[in-house]
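Participant: Encoded as structure tokens, here's the structure I'll be asking about.
A short reminder: the numbers here are calculations on the coordinates, not readings from a lab. The model shown is predicted, which means the values in this text are computed figures rather than measured ones. Cβ atoms come from the backbone with ideal geometry, glycine included; neighbour counts cover every protein chain shown.
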Amino acid sequence: MTKRELTEKLLGPMKGKRKVLILTHENPDPDSIAAAFGLKYLIRRLAGIPSVIAYGGIIGRAENRAMVKHLAIDLMPLSKVSARNYSVIAAVDCQPHTGNLMLPKGVFPNIIIDHHPLRKTSLRADYHDIARDVGSTSTIITHYLRTLGIEPDRKVATALYYGIKSDTRDLGRQSTDNDIRASTYLFPHVLLKKLSRIEHPDLPRQYFQELTNVLTNAHVYGDVVVARLEFMSWPEMIGEFADELVQMEGVRWCLCYGRHNGYLLFSIRAKRTKDMAGILAHKIAVGLGTGGGHETFAAGKIDVAQALKKVKDPEEILVKRFLKEVNTKGAEPVPLVDPSQMTCRVRREPMAPDT
């Protein structure tokens, strides 16, 4: 689109309006937070309209909290916002009816900007941009800024850069030329010291406790690893640990799952783009909850109370469905960590004689 076309289409739903509500997906990740932050900046610069960013769930991961803190991103819990009081609602990095966008019944976004597979209901929005040729929603917002000739301030640029970097795992996971171009454009504006503090935050003790837990609960089925989180301080840990486990040598698929606030959450990771993790996530959640995502990473959510009305053990069903699809050779589970072999062997060198 040209500058004029983009301006008219994007600002169309906001004509004559006084304030915009921008929604991230539930338990927002860096890409969702950055895209919302960038859109808020763009709307203010382009139309002079103030916006409020709201999120459902929590911001728990250390990197995400550091991002909000160091870049002074003003977000509000959705529980403290009345969505019905806003005549314009924008949803970024998410779409309705996916299980990760919290909205009151009867309320539908006027604007939807996302990079996940298109949901047909999203076409109802006054403005919808569901891009499939990018690896992050931050890339879309960066493209808007460039097309409209709006130079981002350094905090916005840092957020968008980290959003792209995080969602594509350093431009290595399903990134495209568009992501590379956006990152190259943003980099001269990035606050490098703040970026370093975001990427390398202090980690709470419970992180290491939960890491130990997930490793001791992980089982390997040939080239597949499955791990249950018995303790989960914040929902993002599911995806974070899945990212780590799929890097294991010889592993092609990974499933991490666990319960949080009445929901069974799961994340799937795959090493090959042709494996279509998003389709698999949807398939194993059918009839129980929701699931979806991209070729190599996906996630889902199941309301445990509702699922128990249909099946005896939703966790067992979820794992069985997953293994049926990916464990094609029927490999038996082997514990990743055998506690009986976790003894520390210290090589003792002979002591030198006294001199």
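Participant: Rank these for me by crowding, TRP234, TRP253, going from fewest to most other beta carbons within 10 Å.
Facilitator: Ordered by Cβ neighbours within 10 Å, fewest first: TRP234, TRP253.
Participant: Using a Gaussian network model on the chain with a 10 Å cutoff between Cα atoms, which of PRO339, PRO13, PRO30 fluctuates the most?
Facilitator: Per the Cα network of the chain with a 10 Å cutoff, PRO339 tops the list.
Participant: Now a separate question. For the stretch 217-334, take the convex hull of the Cα atoms, compute a quarter of its surface area, and give me that in nm², please.
Facilitator: Over every viewing direction, the Cα hull of the stretch 217-334 projects on average to 6.6 nm².
Participant: Next question, about the same structure. Largest first and in whole Å, give the semi-axes of the chain's equivalent ellipsoid, each being the square root of 5 times a Cα gyration tensor eigenvalue.
Facilitator: Value: 38, 26, 19 Å, ordered largest first.
Participant: Turning to a different aspect of this structure: Translational diffusion coefficient, Stokes-Einstein: compute it for the stretch 143-231 using the Kirkwood radius over C-alpha pairs as Rh, at 10 °C and 1.306 mPa s, and state it as an integer in µm² s⁻¹.
Facilitator: This corresponds to a translational diffusion coefficient of 100 µm²/s.
Participant: Taking θ as phi - 60°, what are the ³J(HN,Hα) couplings along the stretch 221-233 by the Karplus curve (6.51, -1.76, 1.60), each to the nearest whole Hz, with x for Gly and Pro?
Facilitator: For the stretch 221-233, the Karplus-derived couplings read 10, x, 9, 10, 10, 10, 9, 9, 8, 7, 10, 9, 6 Hz, x marking Gly and Pro.
Participant: Share of antiparallel DSSP beta bridges in the stretch 3-199, in percent to the nearest 5?
Facilitator: DSSP beta bridges in the stretch 3-199 are roughly 0 percent antiparallel.
Participant: A further question on this structure: How much length, in nm to one decimal, is gained on full extension between ILE180 and LYS312, taken as 0.36 nm per residue of separation minus their Cα-Cα distance?
Facilitator: Once the chain is fully extended between ILE180 and LYS312, it gains 42.8 nm.
Participant: So for SER51, SER233, fewest C-beta neighbours within 10 Å to most, what's the order?
Facilitator: Result, fewest neighbours first: SER233, SER51.
Participant: From the cross-link list LYS80/LYS194; LYS15/LYS40; LYS40/LYS193, which pairs have alpha carbons spaced over 18 Å apart?
Facilitator: In this structure, LYS80/LYS194; LYS40/LYS193 lie more than 18 Å apart at Cα.
Participant: What does the net charge come to around THR216 if you take all other residues with beta carbon closer than 12 Å to its beta carbon, with K and R at +1 and D and E at -1?
Facilitator: -2
Participant: What ranking do LYS3, LYS283 get, fewest neighbouring Cβ atoms within 10 angstrom at the top?
Facilitator: In order of increasing Cβ crowding within 10 Å: LYS3, LYS283.
Participant: Gap in Å between the Cα centre of the stretch 1-33 and the Cα centre of the stretch 205-239?
Facilitator: The two parts, judged by their Cα centres, are 36 Å apart.
Participant: Still on this structure, I have one more. Taking one equal scatterer on every alpha-carbon of the stretch 9-129, how large is log10 of I(q)/I(0) by Debye at q = 0.11, 0.18 1/Å?
Facilitator: Log10 of I(q)/I(0), two decimals: -0.32, -0.90.
Participant: At 0.36 nm per residue, and after removing the present C-alpha to C-alpha distance, how many nm does the segment from THR7 to THR216 gain when stretched out fully?
Facilitator: Full extension of this stretch gives 69.9 nm more.
Participant: Taking a cut-off of 25 Å between Cα atoms, list the lysines near LYS310, but don't count ones fewer than 8 places away on the same chain.
Facilitator: Those lysines meeting the cut-off are LYS105, LYS283, LYS301, LYS320, LYS324.
Participant: Next question. If r is the Cβ-Cβ distance from TYR207 to LYS69 and R0 is 22 Å, what FRET efficiency results, to the nearest 0.05?
Facilitator: For TYR207 and LYS69, the calculated efficiency is 0.80.
Participant: With θ set to phi - 60° and the Karplus curve 6.51 cos²θ - 1.76 cosθ + 1.60, what are the ³J(HN,Hα) couplings of the stretch 281-291 in order, to the nearest whole Hz, using x for Gly and Pro?
Facilitator: Each residue of the stretch 281-291 in turn: 4, 5, 5, 7, 9, 4, x, 10, x, 10, x Hz.
Participant: If you don't mind, there's one more thing I want to ask. Mind listing the long-range amide H neighbours of HIS294? Cut-off is under 5 Å, sequence gap 5 or more, other chains count too, H placed in the peptide plane at 1.01 Å from N.
Facilitator: Distant-sequence amide H within range of HIS294: GLY278.
Participant: So how do 192-199, 161-168, 102-109, 327-334 stack up, highest first, on mean other-Cβ count within 10 Å?
Facilitator: Descending mean neighbour count gives 161-168, 192-199, 102-109, 327-334.
Participant: Could I ask something else about it? If each DSSP helix of 4+ residues adds -39,500 (n - 2.57) and the sum is divided by the residues in the chain, what number results at 222 nm, nearest 500 deg cm²/dmol?
Facilitator: -11000 deg cm²/dmol
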